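Read the figures in this text as sums done on the coordinates, not as results from a lab. Since the model is a prediction, treat every value here as computed from it, not as a measurement. Here Cβ is always computed from backbone atoms with ideal geometry, including for glycine, and neighbour counts include all displayed protein chains.
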């Protein structure tokens with residue numbers, strides 16, 4: 001007995017030594033985030049944003065590639081030639097051609113090329129488009145993270161409401177069973193209430209699955225492991241208190257700040273540069289070069305110099321209308337991009353109007369559903385008291401509870417509609 005007691009005490013001591021260590025490790029892995037922190041974390045760790053950042057880096061490299069094509073180019077070649085004993089006859093003389101080997105270094109510098117400068121400008125526009133696409137990707141991730149954060153809070157609020165409803169209906173079911181045992185109530189009444197208990201419990205399990213699904217969606221947006229522990233630092237009450245819907249409704253919409261509009265503006269600019277590029281194809285290209293040849297093995301008959309400097313000029317003369325047709329194609333693309341920009345502007349202005357209407361309508365609907373839920377709660381409580389007094393049937397209780405559950409569901413859906421409409425409008429206004 002004494003040995004067994006010592007073992008228990010030792011186990012308690014060891015448990016006390018190791019539990020804090022494990023708790024510390026788990027706390028280090030856990031994420032306790034506000035909505036803003038979750039959005040910032042997602043922007044830093046989401047792989048979609050990473051890829052957008054890589055696209056920006058790639059565009060920057062392409063710009064340097066375009067610039068480097070006009071900088072000095074140096075190349076070197078080594079050759080070896082063997083004439084296989086061939087002899088050349090010249091002025092009655094026979095001259096054997098010995099094997100030759102040369103090392104040649106050549107430096108080329110572009111002097112003039114209209115296409116070169118236009119190409120650099122087009123590369124810079126491509127770099128700007130990649131950066132704009134990265135910003136749009138960040139905005140999308142912020143919007144999706146905010147939606148997932150809201151979905152978790154809404155689902156957990158729904159679970160709290162259902163758990164409170166379950167507690168009430170369980171209490172009523174237990175009291176009814178007691179009444180059945182003393183002969184005051186019928187077994188049918190108790191059975192109907194048991195069915196209600198099972199229905200609410202099933203609803204809670206469904207909501208729990210929704211909560212886990214929302215957490216998994218948030219984990220995906222944050223770029224963390226599937227088993228990572230996440231806790232939300234904000235509640236629905238604090239989140240609603242911090243968000244002024246009237247301020248969002250009053251915020252102005254600047255069409256030029258929209259990333260999709262900026263992308264189309266850049267596409268129009270790119271199309272204009274494409275027109276300039278096609279026109280530049282009719283202008284000459286001039287380059288200067290210097291070549292040095294070191295003759296490793298000279299031929300018997302060698303007349304080539306070691307140092308050569310020269311100028312190359314490529315002058316386009318006639319291309320059977322090919323350049324003209326390409327210029328026309330570039331003009332068509334430019335006009336198409338301008339039409340797409342105007343179409344997008346009209347769509348965004350209509351979208352802004354619709355999103356403001358949706359948010360205002362969702363706020364009004366939320367107030368109505370909140371009042372309806374309060375009324376349904378009072379009706380349920382009243383029917384419950386009457387049932388306990390014997391002036392209402394179990395069917396009345398079941399009907400009142402079903403109406404209450406429906407009113408609670410409508411309230412939760414209305415709250416989700418408010419958050420969704422608010423998030424969509426904030427994304428359009430770039431206020432996320």
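Report, to the nearest 10°, how far helix 259-280 tilts away from the longest principal axis of the Cα atoms in the chain, using its own Cα long axis and a range of 0 to 90°.
Tilt relative to the chain: about 10 degrees.
Distance between the C-alpha centers of segment 221-270 and segment 79-136? Whole Å please.
52
State the extension gain, in nm to one decimal, for the chain segment bounded by residue 296 and residue 64, taking 0.36 nm per residue of separation less the distance between their alpha-carbons.
79.8 nm
I'd like the antiparallel share, as a percent to the nearest 5, of DSSP beta bridges with both residues in the chain.
90
Got a sec? How would 292, 259, 80 order by Cβ neighbour count within 10 Å, fewest to most?
80, 292, 259
How would 86, 103 line up from fewest to most surrounding beta-carbon atoms within 10 angstrom?
86, 103
Consider the candidate values [x] 336; [y] 176; [z] 146; state which one is volume of the Cα convex hull per residue in Å³ computed from the structure displayed.
Here volume of the Cα convex hull per residue in Å³ agrees with entry [x].
Rounded to the nearest 0.05, what FRET efficiency do residue 57 and residue 375 give with R0 = 60 Å and r taken as the Cβ-Cβ distance? Could you check?
Approximately 0.50, to the nearest 0.05.
Helix 187-222: angle to the longest alpha-carbon principal axis of the chain, degrees 0 to 90, nearest 10?
With both axes taken from Cα atoms, the answer is about 20 degrees.
Compute the angle between helix 394-429 and the longest alpha-carbon principal axis of the chain, please, reported from 0 to 90 degrees and rounded to the nearest 10.
Relative to the chain, helix 394-429 is tipped by roughly 30 degrees.
Roughly how many Å is it from the Cα centre of segment 359-414 to that of segment 140-208, as a whole number?
Computed from Cα coordinates, the inter-centre distance equals 13 Å.
Fewest first, what order do 181, 356, 142 take by the number of other Cβ atoms within 10 Å?
181, 356, 142
Within 10 Å, count the other beta carbons around each residue, average over each peptide in 38-47, 228-237, and list them highest first.
Ranked from most to least packed, the peptides come out as 38-47, 228-237.
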